[in-house]
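Structure record follows, encoded as C-alpha cells.
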Amino acid sequence: MNASKHLFLTGYRGTGKSTIGRHLAGQLSRRCVDLDEEIERRVGKTIRQIFDEGGEEAFRHFEAEALEAVTQAEASVIALGGGAIIKEENRRLIAKTGWCCWLNADAETILGRIHGDVTTSQRRPALTNLSELEEIRQLLAHRQPLYESASDFRVEVAKQTPEQIADEVKRQWDAANGSI
C-alpha cells in the first residue's frame, strides 16, 4: 500500500461517504471526488434521470466509466456510490488503485439519515418496489459480502460524528501506509 493510491469510501447510501470524504480530503490535503456527482457532471443528468431513461444498467455503465476516469487522476479521496461495488471489474479496479474503507450502519440508521437529507430522495430513485426499510435491508444483505470483499477496513458509523469517523478512517489509512 502506498500513499500515492486513492482512498475509497464505500457503503450504503446514507452512511456518510460524501461528508466523510470531504473531512478526509482536508486532513490528507487531497481532493475529494464524489462519484455520483462525477457521473452527473459527465452525463449531464441527475442519477434519477439516468435511471428513468436507461435503468440501472445504464447507470452502472456510466458509473464504471466514471470510476475508471477518476482512478487515472491524482491520488484522491473517492466517495463511491452505494452500489459501485456490485460490478466485479469495479472491485478489481478499487483494489488495484487504492485502499478502501467500508462505512457501515444498520438499516434503521440508514433510513433515518436518508430521511434527514432531502436531496437523497430527489436525486436517487428507489431500486425496488419494497418499502424503504425493506429495500435497505434486502440490499444490505445482498451487498454485505461485496462490501467486505472490496474493503480493507470497516468503520461502524451509527453512533459517531463525521469527525470521529474521519479520524478513525485516517488512523486506519495511516496504519496501512506505515505512517503510525
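At full extension, Glu108 and Thr161 could sit 17.4 nm farther apart than now, given 0.36 nm per residue minus the alpha carbon distance. In deg cm²/dmol, rounded to 500, what helix-only [θ] at 222 nm does the chain give when every DSSP H run of at least 4 residues adds -39500 (n - 2.57) and the total is split over its residues? About -18500 deg cm²/dmol. For His23, the shell of other residues with beta-carbons less than 10 Å away shows a net charge of 0, using +1 for Lys and Arg and -1 for Asp and Glu. Approximating the spin labels as points 7 Å out from Cα along Cα→Cβ, the Glu37-to-Gln138 distance works out to 3.2 nm.
In the list [x] 89, 47, 35; [y] 47, 34, 27; [z] 47, 42, 38, the label attached to Cα extents along the principal axes in Å as derived from the coordinates here is [y]. With +1 on the Cβ of every Lys and Arg and -1 on the Cβ of every Asp and Glu, and nothing else charged, how large is the dipole of the chain about its Cα centre, in debye rounded to the nearest 20? So the magnitude is around 380 debye.
What pairs in Lys5/Lys96; Lys45/Lys96; Lys96/Lys159 have C-alpha atoms more than 20 Å from each other? Violating the 20 Å limit, Cα to Cα: Lys45/Lys96; Lys96/Lys159.
Packing, taken as the mean count of other beta carbons within 10 Å per residue, orders the peptides 101-114, 59-72 from highest to lowest as 101-114, 59-72.
No value in this document is a laboratory result; all are computed from the given coordinates. These numbers were taken from a predicted model, which means no experiment stands behind them. Glycine gets a Cβ as well: all are built from the backbone with ideal geometry, and neighbour counts include every protein chain shown.
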